[in-house]
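Colleague: Dropping a structure here in structure tokens format, bear with me for questions.
The values are calculated or read from the model by the stated rules, or taken from the named source; none is laboratory data. Keep in mind that what you see is a predicted model, and the values were worked out from it rather than measured. All Cβ positions, glycine included, derive from the backbone under ideal geometry; neighbour counts span all protein chains shown. We work out accessible area using only protein heavy atoms, side chains counted, and drop any ligands, DNA or RNA first. Shrake-Rupley method; radii C 1.70, N 1.55, O 1.52, S 1.80 Å.
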Amino acid sequence: MAVNRHAGDRTRRGAALPDPALVVLVGPSGSGKSSWAARYRPQEIVSSDQLRGIVGSSEHDLGASADAFSLLDQIVAARSGRGLTTVVDTLGLDPERRSGYLGLARNAGLAAVAVFFETAPELCRQRNRARDVPVPARVLDAQLRRMAAVPDQLEREGWDVVLRAVGAPADPEPAQFESAHTPGARQAFGDQQRSPAGLDFMLQVSRFGWGDDPAGWLRAVAVAAAAAGFTGIALMDHLIQIPQVGRAWEPIPEPWVTLGMLAGLGTGLRLGTLVTPATFRFPGVLAKTVATLDVLSGGRAFCGVGAGWWEREHAAFGLPFPPAADRLDLLETEIEMLRALWQPGTRAYHGERVSLPETTCYPRPAAPIPIIVGGSGERRTLQIAARLGDGCNLPADLPTLDRKLAVLRSHCRAAGRDPAEVAVTVLDIPVIGADRDQVAGTFERLRGRTSAAAFARRHHAGPAADHIGRYRLLAERGVSTVFVSLPDLAGPEEVMRLAPVISAFS
């Protein structure tokens, strides 16, 4: 989707730039365009001078200009079509050519950025004279004269961002997650800096590259999570590694045993699953398991529950996999039995789906255990969450989240509950790197055959700072906790990349 802003917001100095974006440099020879562009990775820069050197005798071969610009246009169109950041390093003075680039950005759903170089004419002339092959003085004078009309032209053309670069341009500031195609994320980043919103982060560990030391690896990841500011750790509850994460023969440990081991580390992290299928365990046994974890961890357990969805693992382990409606019935039964067995006393219980002659389940939980309902089926799952859950876990994608939140809150009101009584959590699967180069390398390694644009939208690839605005938008919608699952988790180093993000919401 295109990023649209009011005209008054477009022109700025020292602005953060979106990423990915189509960035068009506009300025006369000697204004510093190529030096400014060098802040980007080489493969992101498309230079008419360099292309003249490829299709002509040298970059100064003006007779090769037509071929060079034809090739430039093909490259820009191909990169834009793949949703990749591209910096067009030409004079950029031709309104018709700029209009073509703007159209490419719009069609590709990229932010359209024009960087206007306000370099003093005398400095341009001085730099030009110092070149091995200077531009003829009369040509440079003509370029400088054309510059006078450019600011008004850029304003009328409707660029998303017009960045004014003066003199020797400084580095562009990091993007505030336009790479996630999230409208409003940049403004939200500024809002978070001025008036921080609170947000909890929990690490969902879904892959286990523990080599020959499983316990040591888990310990290191948990300690790093606490150091980075995470408030808890969640584990998936699956019997076979799911295809969205890895290969079937990769390890995925039984979660409640693993959480018991983590409870003994003294990190203070909350511990639970996201989520346990109702089809895996008798509800009473799950109640005993979670209560024991809560006692051993000093009241830090939570319990994520869902209806279950993957038939393969049920068949492989000899478990029934009833139709969806029956699995949702099991989910309702499970939640009711958990609450019955965690209540004080040992008296009999007779409820809507559960009838027990006694509720003797000791040890009792050390503290109230939150039940988080996972799943986003609008007719039944969200209705169960609204009636019976302490929280509901939803997708982090903003348009989807907005739709699901409206349905969840409607179900709450229909059940006679204040929607604020049901905490909203999301599962986010970001690609995070220490810098753009690391992000790009991780991005290419993970995306496989998925298109770059689709992978970027799904995983919000960017340095840690780029995610702050997007998470602020989640907080503004009432999200209380983000479960973060890192698709490249190998150990503590990847966990610590979240520290700057978490710190911004502390």
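Colleague: What accessible area per residue comes out for the range 382-506, rounded to a whole number of Å², with a 1.4 Å probe? If you can, show how the numbers build up before the last one.
Modeller: Values: 4750 Å² over 125 residues.
Counting only protein heavy atoms, the per-residue value for the range 382-506 is 38 Å².
Colleague: Let me check against my output: what whole-number percent is the relative contact order of the range 417-476, with C-alpha pairs under 8 Å and at least 6 apart?
Modeller: Values: 38 pairs, mean separation 23.8, N = 60.
Reported relative contact order: 40 percent.
Colleague: Taking the Cα centre of the chain as origin, sum charge times position over the Cβ atoms of Lys and Arg (+1) and Asp and Glu (-1), and report the length of that vector in debye to the nearest 20.
Modeller: 660 debye
Colleague: Now for a different question. Go from 0 up to the bin containing the longest alpha carbon distance in the range 355-458, width 10 Å each, and give me the % of pairs per bin.
Modeller: 13, 30, 22, 21, 10, 3, 0
Colleague: Sticking with this structure for a sec: Just reorder R186, R164 by solvent-accessible area, largest first, 1.4 Å probe, all chains present. Before the final figure, lay out each step's value.
Modeller: Values: R186 30, R164 60 Å².
Result of the area sort, largest leading: R164, R186.
Colleague: Sticking with this structure for a sec: Accessible surface of D488 in the full protein assembly, 1.4 angstrom probe, to the nearest 10 Å²?
Modeller: Answer for D488: close to 20 Å² accessible.
Colleague: Accessible area, 1.4 Å probe, largest first: how do I233, I75 sort? Mind dumping the intermediate values first?
Modeller: On the way: I233 5, I75 60 Å².
Correct descending sequence by accessible area is I75, I233.
Colleague: If only Cα atoms are counted, what is the Rg of the range 172-317, and what is its Dmax, in Å?
Modeller: 18.1, 58
Colleague: Out of the total accessible area of the range 250-389 (probe 1.4 Å, heavy atoms of protein only), what percent is carbon and sulfur? Working shown, then result.
Modeller: Values: 3580 of 5950 Å².
Result for the range 250-389: 60 percent of the exposed heavy-atom area is carbon or sulfur.
Colleague: Normalising by the residue count of the chain, find the relative contact order in percent from Cα pairs under 8 Å and 6+ residues apart.
Modeller: On the way: 968 pairs, mean separation 84.1, N = 506.
Here the relative contact order equals 17 percent.
Colleague: Work from the charge dipole of the chain (Cβ charges, +1 for Lys and Arg, -1 for Asp and Glu, about the Cα centre) and give the residue of G375, P255, L154 farthest towards its positive end.
Modeller: So the residue furthest toward the plus end is L154.
Colleague: What nm distance separates the two modelled labels at A490 and A248, each placed 7 Å from Cα along Cα→Cβ?
Modeller: Here the answer is 2.7 nm between the modelled labels.
Colleague: To the nearest 10 square angstrom, what accessible area does V162 show with a 1.4 Å probe?
Modeller: 10 Å²
Colleague: Could you give the angle, 0 to 90 degrees to the nearest 10, between helix 283-296's Cα long axis and the longest principal axis of the Cα atoms of the chain?
Modeller: 70 degrees
Colleague: May I have the convex hull volume per residue, in Å³, for the Cα set of the range 28-140? The partial results should precede the final answer.
Modeller: Numbers: hull volume 12.5 nm³, N = 113.
Hull volume normalised by residue count: 111 Å³.
Colleague: Another one. Restricting to Cα pairs below 8 Å that are 6+ residues apart, what does the relative contact order work out to for the range 190-282? Please round to a whole percent.
Modeller: Values: 110 pairs, mean separation 28.8, N = 93.
Relative contact order of the range 190-282: 31 percent.
Colleague: Next up: Rg/Rh for the range 436-506 to two decimals, with Rh computed the Kirkwood way over all alpha-carbon pairs. It would help to have the intermediate numbers written out before the result.
Modeller: Working: Rg = 12.9 Å, Rh = 13.3 Å.
Looking at the range 436-506, the ratio lands at 0.97.
Colleague: Kirkwood hydrodynamic radius, the range 397-470, all distinct C-alpha pairs: what's the number in Å?
Modeller: Values: mean 1/r = 0.0689 Å⁻¹.
It is 14.5 Å.
Colleague: Considering the options Q126, P323, L489, tell which one lies farthest towards the positive end of the dipole of the chain, charges being +1 on Lys and Arg and -1 on Asp and Glu at the Cβ, about the Cα centre.
Modeller: Looking along the dipole axis, the top candidate is Q126.
Colleague: Accessible area per residue for the range 244-376 in Å², computed with a 1.4 Å probe and the full protein assembly in place, what is it?
Modeller: Values: 5960 Å² over 133 residues.
Value for the range 244-376: 45 Å² per residue.
Colleague: Using only the alpha carbons, work out the radius of gyration and Dmax of the chain in angstrom.
Modeller: When restricted to the Cα atoms of the chain, Rg and Dmax are 27.8, 98 Å.
Colleague: Place a +1 charge on the Cβ of each Lys and Arg in the range 19-168 and a -1 charge on the Cβ of each Asp and Glu, then give the dipole magnitude about the Cα centre in debye, rounded to the nearest 20. Show your work: numbers first, answer last.
Modeller: On the way: 18 positive and 18 negative charges, 39 e Å.
Once rounded to the nearest 20, the dipole reads 180 debye.
Colleague: In nanometres, what is the gap between the two model label sites at S35 and A227, each 7 Å from Cα along Cα-to-Cβ?
Modeller: Roughly 4.0 nm, to one decimal.
Colleague: Sorted by accessible area with a 1.4 angstrom probe, largest first, how do R458, R41, R52 fall? It would help to have the intermediate numbers written out before the result.
Modeller: Details: R458 140, R41 55, R52 25 Å².
Output order, biggest surface exposure first: R458, R41, R52.
Colleague: Sorting check: for 294-307, 247-260, 214-227, which peptide has the highest mean count of neighbouring beta carbons within 10 Å, and how do the rest follow? Walk me through the numbers before you get to the answer.
Modeller: Working: 294-307: 22.6, 247-260: 15.3, 214-227: 17.5.
So the order, starting with the most tightly packed, is 294-307, 214-227, 247-260.
Colleague: Let me ask something else about it. Which one, G216, A114, G268, projects farthest toward the positive side of the charge dipole computed for the chain from Cβ point charges (K/R +1, D/E -1)?
Modeller: A114
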